[in-house]
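No value in this document is a laboratory result; all are computed from the given coordinates. Here the structure is a predicted model, which means the values were calculated and not measured. Cβ placement follows ideal geometry from the backbone for every residue including glycine, while neighbour counts extend to all protein chains displayed.
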Amino acid sequence: MNLNRYPKNLVMVLAFASLLSCLLCACSSSSPAESDARQVLEASSGGLYKITSFHKTNGQASETSGVKGYRLEYEADAECLKVNWNSPYPPLSDSFAGSPQCTKVGEIHKMKGTISFHQTENGWKAADF
């Protein structure tokens with residue numbers, strides 16, 4: 001039995017365990033990623049538009065009854081993939097309507113808004129969006 005080899009193996013096991021622990025802790029983010037908000041916004045379009053540009057402009061963390069929350073403010077550009085405004089009257093403003101009013105495919109609309117998230121065991125989830 002080689003006693004010199006035992007300490008090397010122990011050091012390797014401890015180093016691996018420490019690395020694994022650090023990686024697992026890094027997965028628990030203190031706020032939702034910008035990409036999470038972009039995906040929520042695009043998914044809410046129902047295929048009406050795609051997000052061509054997304055920028056987080058502000059954010060605020062909160063906690064209510066032990067549940068962590070986060071309000072993410074954004075600006076985005078949305079490109080219309082379908083027409084959803086087919087009227088002789090001018091379309092409503094995007095902010096009033098709640099989403100782009102697309103009069104033709106390929107139009108680009110500027111969007112601003114807020115997405116609220118709450119933290120779950122499986123990560124950040126958009127609340128009521």
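Taking 0.36 nm per residue of separation and subtracting the Cα-Cα distance, full extension of the segment from S93 to E63 would add 7.4 nm. Once backbone amide H atoms are built at 1.01 Å from N, K68 has Q119 as its partners under 5 Å, excluding neighbours fewer than 5 places away on the same chain. The calculated FRET efficiency for the pair L81 and N122, based on their C-beta separation and a Förster distance of 25 Å, comes to about 0.25.
Remark on W124: its backbone amide H falls under 5 Å from none of the residues 5 or more positions apart or on other chains, H modelled at 1.01 Å from N. The phi torsions of the stretch 74-90, fed into the Karplus equation with coefficients 6.51, -1.76 and 1.60 and a -60° offset, translate into couplings of 9, 10, 8, 10, 10, 9, 5, 9, 9, 8, 10, 10, 10, 9, x, 8, x Hz, rounded to whole numbers, with Gly and Pro shown as x. Using only the C-alpha atoms, the convex hull of the stretch 29-126 corresponds to 100 Å³ per residue. Taking trypsin sites (Lys or Arg not before Pro) across the stretch 49-129, the ones in a DSSP loop with at most 16 further Cβ atoms lying within 10 angstrom of their Cβ are K82, K104. The HN-Hα couplings worked out from phi for the stretch 36-41 by the Karplus form 6.51 cos²θ - 1.76 cosθ + 1.60 (θ = phi - 60°) are 4, 5, 4, 5, 4, 5 Hz, whole numbers, x standing for Gly and Pro.
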